[in-house]
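Input: a single structure, listed below in C-alpha cells.
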Amino acid sequence: MHGKVIGILETRTGAHLAELISRRGGIALHAPALAEEPDVDPGAIRALLTLWAREPMAVTVFQTGVGTRALFQATDALGLTRDLLERLASTVVVVRGPKPVGELNARGVRIDIRANSPFTTADVLEKLINIDLAGRAVLVQRYGATNPALRSGLESRGAQVHELATYRWSLPADTGPLEALLAALAAGRVDAVMFTSAVQVENLLVVADRHQGADAVVAQLGRCVIASIGPVCTRALQARGIRPTVEADPPKLGPLVSALEGALR
C-alpha cells in the first residue's frame, strides 16, 4: 500500500479509515460522499405509538444504529420513551446488523432475532421465515432511504408494513472533496477507491454528472482497485458497471482494509 493514493468515500468513520490507510503507508484521499440529515417527525412518532396501542406490531425491525439512536432521542424529547419501551416489550425485536444492538442494549430492549452476516435484507427475511406474518403489522425503522426489497418481502407474506423515518441520506453540503477526487481520477492519480455503502456509488456519480459525466468516471474507476464493504455495496457497483476487485468478509472496516492491502500488494 506504500505510496498508493486511495479514495475514501466514508463519512462517519472516514477519518478512522484514513488513519488505517496511512498507517499502512497509503495516501488517503478523503472525500465524504454522504450526509445523514435528521428526518424525525414528532407527529409521526406520536401517531405511530397511538396506532401501536390499538394495533400491536408483531415484529419491529431495526436496521441501523444511527436510526435507532435518533428514534430514542426523539422519544426522549417528547417524553414518550417509556411508551416506546412498553410497546417494544410485546413485539419480536429484530436487528439487521450489529450497530443497532448497542443502542437497544443501552435502553434495556430485549433482542429476539439477529440477522446473520453479511446482514443483508435477504438475511433479515430468512430469519423471519418461521414467523406467521399474514395480516399482522410490522414496523421497520428506515435507514436513509426506503428499503423496497424488505417491504415487498414482508408484504408478500401478508404483513402490513409501517415504516418510520428517523434520518435521510443526501449529498454533503460541501462537495469540494468529491470534486477533488473526481479530478484526481481523471488525471490518473488514484490507485484505489473504497466504497462502504451503496448510496456512495450513486452520490459519486451524481456529482460526476455535473462535471465530466458519469460514464467517464465509471471508465476511470475501471482502472483502479475497487474495494467493496459487502454484498449490497457490490451489487450497487455492478449495477453501474463498476467491477469490485475485492469485497470485505465479514463486511467490516478491518477486513476491508486488509483485502485492499492484499489486492494492492
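In order along the stretch 210-217, the phi-based Karplus estimate (6.51 cos²θ - 1.76 cosθ + 1.60, θ = phi - 60°) of 3J(HN,Hα) comes to 6, 10, 7, x, 5, 4, 5, 5 Hz; Gly and Pro are listed as x. Using θ = phi - 60° in the Karplus curve 6.51 cos²θ - 1.76 cosθ + 1.60, the 3J(HN,Hα) couplings for the stretch 178-183 round to 5, 5, 5, 5, 4, 5 Hz; x is entered for Gly and Pro. Suppose we keep just the DSSP beta bridges with both residues in the chain; what percent of those would be antiparallel, to 5? Rounded to the nearest five, the antiparallel share is 10 percent. Cβ-to-Cβ counts within 10 Å put F72, F195 in ascending order as F72, F195, the fewest first.
Bridges between two residues of the stretch 38-169, per DSSP, are antiparallel at a rate of about 5%. Database remark: amide H of R136 closer than 5 angstrom to the amide H of Q160 (H placed geometrically; neighbours at sequence offset of 5 or more, or on other chains; Pro and chain starts carry no H). Partners of K252 within straight-line reach, counting aspartates and glutamates whose Cα lies under 14 Å from its Cα and excluding those fewer than 8 residues away in the same chain: E10. Listing S22, S197, S156, S258 from fewest to most neighbouring C-beta atoms within 10 Å gives S156, S22, S258, S197.
From least to most packed, judged by other beta carbons within 10 angstrom and beginning with the fewest, R210, R142, R107 follow the order R210, R107, R142. Each residue of the stretch 255-261 is assigned a 3J(HN,Hα), and the resulting list reads x, 5, 5, 5, 5, 5, 4 Hz, derived from the Karplus form 6.51 cos²θ - 1.76 cosθ + 1.60 (θ = phi - 60°), x at Gly and Pro.
Spatially, the stretch 45-63 and the stretch 15-32 are offset by 42 Å when compared through their Cα centroids.
Answer rounded, prolate or oblate for the stretch 38-169, using the Cα gyration tensor with square roots of eigenvalues a ≥ b ≥ c: rounded when a/c is under 1.5, else prolate when a/b is larger than b/c, else oblate. The shape class here is rounded. Close amide H partners of R168, meaning residues 5 or more places away or on another chain with modelled amide H under 5 Å apart, are E37, D39.
For K127, the aspartates and glutamates whose Cα comes closer than 14 Å to its Cα, not counting residues fewer than 8 places off in the same chain, are D112. Among 178-189, 89-100, sorting by the average number of other beta carbon atoms lying within 10 angstrom of each residue, highest first, gives 89-100, 178-189.
Every number in this text was worked out from the coordinates using simple rules, so none of it is lab data. Note that the coordinates shown come from a computational prediction; the quantities given were computed from them, not determined experimentally. Here the Cβ is made from the backbone with ideal geometry for all residues, glycine too, and neighbour counts use every protein chain on show.
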